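Report on one structure; see the data block that follows.
The values are calculated or read from the model by the stated rules, or taken from the named source; none is laboratory data. These figures come from a predicted structure and were not determined experimentally. Quick reminder, even Gly has a Cβ in these numbers, built from the backbone with ideal geometry, and neighbours come from all protein chains shown.
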Amino acid sequence: MKLPFLVQSWRRKCTAACRQILLKYLFPILILISFVTVLLVDNFTPAIAQLPRQEIRGVWMTTNDFDTLKSRDKVQDAVSQLQQMNLNTIYPVVWNSGYVMYPSALAQRAGIQPFVYKGSDGHDILADLITQAHHKGLLVIPWFEFGFMAPSTSELALNYPDWFTQKRDGSQTSISAAGEVMWLNPFYPQVQQFITNLVLETITQYDADGIQFDDHMSLPSEFGYDQYTVALYTQETNNPPPTDAQDAVWVQWRADKITAFMVQLNQAVKQKKPQAIFSVAPNYYDLAYKFHLQDWLSWIRQNIVDELIVQIYRPNLQSFVANISRAEIQEAQQIIPTGIGIMTGLRNNPVPMQQIKSQVRAAQERGLGVTFFYYESLWNDALEPLNERQAGFESLFPSPALRARVE
């Protein structure tokens, strides 16, 4: 603001020789300072603004996609299609029904799995997917789909019955989207160590870009009445667990224990692979916390989540918009890359392309990324012809949004 005054004063008082010296030495310095300042501002400001808002454009690959995953040629075609759609992240399942989808020495030692998920020529399907996806510039973040959940008929449940928790009436199962399941006790040290070891095996055995946990890295609120957990709660509070599974103190105690484990798990992952993306894909917060003891907002506030994808599977657009506009999602997107899980169809319940488009647009208008559930439903069992379906997805993202890999 004072620059014109200084220039006039300099003109009045300075001799010709003085001005010549100043012009020769001082002005170049001032110009250099201005140039450096512009460079710093241009380079520094966007880095802060853009990093938390890196756009997620992903797709989950489930066990329903095994026919694709087991074939190198089909994987190549799939990755090429996803690149054409301008997606940037693949989330392949690696933990489902008590089994892992890769050759695991840990699972083999635990006696819970022969290696059944081999490729058509006996190859490692996860390694092949990662290699091909990276070649096309896509990230691969393996997905621990079942979390603490396992079927009662699994080798895990049959061989390690003490690892599972129960309801107050002594029953051990609940009905989920995957059918009747049991729940590993997330407070039990052996369970925590087992899950941690599986996660670390995955991120160290493969060139994966991170690891993802979803709504099953939790515990339905009616569980936690097993002998171990009852004794632990009684020891710490001098009271037995309330008979009401929804009691606020009882809910918070169990949620806090799961949070403490997730903090430890994050630390273990970062120690092995500091740049690994620690991804979480829960349900919306009220449901996650009250009914599944999953306090993911606390996880974000404790800085252990690198990206968030909230599953909002609602056919009604008004309900969908209301859920993606929640305050906790707005809070998260100020800190980390945040996206919305969008249902693209199930084998017995196809989703029309128009619904998918409207939900993607609603997410984009709010600065949110998207991840589609799941790969096969993008094209197969759809209501529209294949070419129309593919054109519809390609129109959603006209330009790429690359996510840089950090080696």
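Matching residues to (1) over 23 Å from Ile141 (Cβ atoms); (2) touching a Gly at 6+ places or on another chain (Cβ under 7 Å):
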residue: Phe213; (1), (2): no, yes
residue: Asp244; (1), (2): yes, no
residue: Trp250; (1), (2): yes, no
residue: Arg254; (1), (2): yes, yes
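Suppose we filter the range 104-124 for residues that are outside any loop (DSSP other than H, G, I, E, B), surrounded by 18 or more Cβ atoms within 10 Å (Cβ to Cβ) and modelled with pLDDT under 95; how many remain? Adding up the residues that qualify gives 1. Out of Pro350, Pro337, one residue alone is touching a residue at least 24 places away in the same chain (Cβ under 8 Å) and within 20 Å of Ala177 (Cβ to Cβ). It is Pro350. If you check Ala268, Ala260, Ala255 for being under 18 Å from Glu222 (Cα atoms), of a type in the set (A, V, I, L, M, F, W, C) and in the same structural domain as Phe144 (by TED's automatic domain parsing), only one passes: Ala255. Within the range 303-325, residues that are in a helix (DSSP H, G or I) have Cβ atoms under 8 Å from residues that are surrounded by 13 or more Cβ atoms within 10 Å (Cβ to Cβ) and of a type in the set (Gly, Ala, Ser) in these pairs: Leu317/Ser358; Leu317/Ala362; Phe320/Ala362; Val321/Ala362; Ile324/Ala362; Ile324/Ala363, counting only partners at least 6 apart in sequence or on another chain.
Collect the residues in the range 197-248 that are of a type in the set (A, V, I, L, M), part of a helix (DSSP H, G or I) and in contact with a helix residue (DSSP H, G or I) (Cβ under 8 Å, 6 or more places away or on another chain), keeping them in residue-number order.
Leu198, Val199, Leu200, Ile203
Among the candidates Gly147, Gly170, single out the residue that is modelled with pLDDT of 95 or more, on the phi > 0 side of the Ramachandran plot and surrounded by 15 or more Cβ atoms within 10 Å (Cβ to Cβ). Exactly one of Gly147, Gly170 is modelled with pLDDT of 95 or more, on the phi > 0 side of the Ramachandran plot and surrounded by 15 or more Cβ atoms within 10 Å (Cβ to Cβ), namely Gly147. Suppose the filter is under 20 Å from the mean Cα position of the chain (by Cα), assigned to a helix (DSSP H, G or I) and of a type in the set (Asp, Glu); does Glu388 pass it? No. If we scan the range 132-139, do we find a residue that is in a helix (DSSP H, G or I), in contact with a strand residue (DSSP E or B) (Cβ under 6 Å, 6 or more places away or on another chain) and within 29 Å of Gly392 (Cα to Cα)? For the range 132-139, residues in a helix (DSSP H, G or I), in contact with a strand residue (DSSP E or B) (Cβ under 6 Å, 6 or more places away or on another chain) and within 29 Å of Gly392 (Cα to Cα): present. Take the conditions (1) under 24 Å from the mean Cα position of the chain (by Cα); (2) free of Cβ contacts under 8 Å to residues at least 60 places away in the same chain; (3) surrounded by 19 or more Cβ atoms within 10 Å (Cβ to Cβ); His135 misses just one of them, which is (3).
For the criterion of being assigned to a helix (DSSP H, G or I), touching a Leu at 6+ places or on another chain (Cβ under 6 Å), of a type outside the set (D, E, K, R) and closer than 20 Å to Asp286 by Cα, Ala332 passes. Looking only at residues that are surrounded by fewer than 19 Cβ atoms within 10 Å (Cβ to Cβ) and among the β-branched types (Val, Ile, Thr) in the range 314-370, which one is nearest to Pro385 (Cα to Cα)? Of everything passing the filter in the range 314-370, Val321 is nearest to Pro385 (Cα to Cα).
To keep it simple, each residue is scored yes or no on (1) of a type in the set (Ser, Thr, Tyr); (2) without any contact (Cβ under 8 Å) to a residue 24 or more places away in the chain; (3) not in a loop (DSSP other than H, G, I, E, B).
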| site | (1), (2), (3) |
| --- | --- |
| Leu126 | no, no, yes |
| Ile175 | no, yes, yes |
| Met182 | no, no, yes |
| Pro186 | no, no, no |
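Suppose we filter Ala255, Ala177, Ala248, Ala208 for residues that are surrounded by fewer than 17 Cβ atoms within 10 Å (Cβ to Cβ) and under 25 Å from Gly339 (Cα atoms); which single one remains? Please lay out each step first, then the result.
Values: Ala255 fails: surrounded by fewer than 17 Cβ atoms within 10 Å (Cβ to Cβ); Ala248 fails: under 25 Å from Gly339 (Cα atoms); Ala208 fails: surrounded by fewer than 17 Cβ atoms within 10 Å (Cβ to Cβ).
On inspection, the qualifying residue turns out to be Ala177.
There is no residue in the range 370-378 that is out of contact with any Ser or Thr (no Cβ under 9 Å at 6 or more places or on another chain) and in a helix (DSSP H, G or I).
Put simply, of Leu297, Leu265 the only residue that is in contact (Cβ under 8 Å) with a residue 60 or more places away in the chain, surrounded by 14 or more Cβ atoms within 10 Å (Cβ to Cβ), assigned to a helix (DSSP H, G or I) and out of contact with any His (no Cβ under 8 Å at 6 or more places or on another chain) is Leu265. Count of the range 350-383 residues, restricted to those that are at pLDDT 95 or above, more than 20 Å from Val79 (Cβ to Cβ) and not hydrophobic (A, V, I, L, M, F, W, C), is 12.
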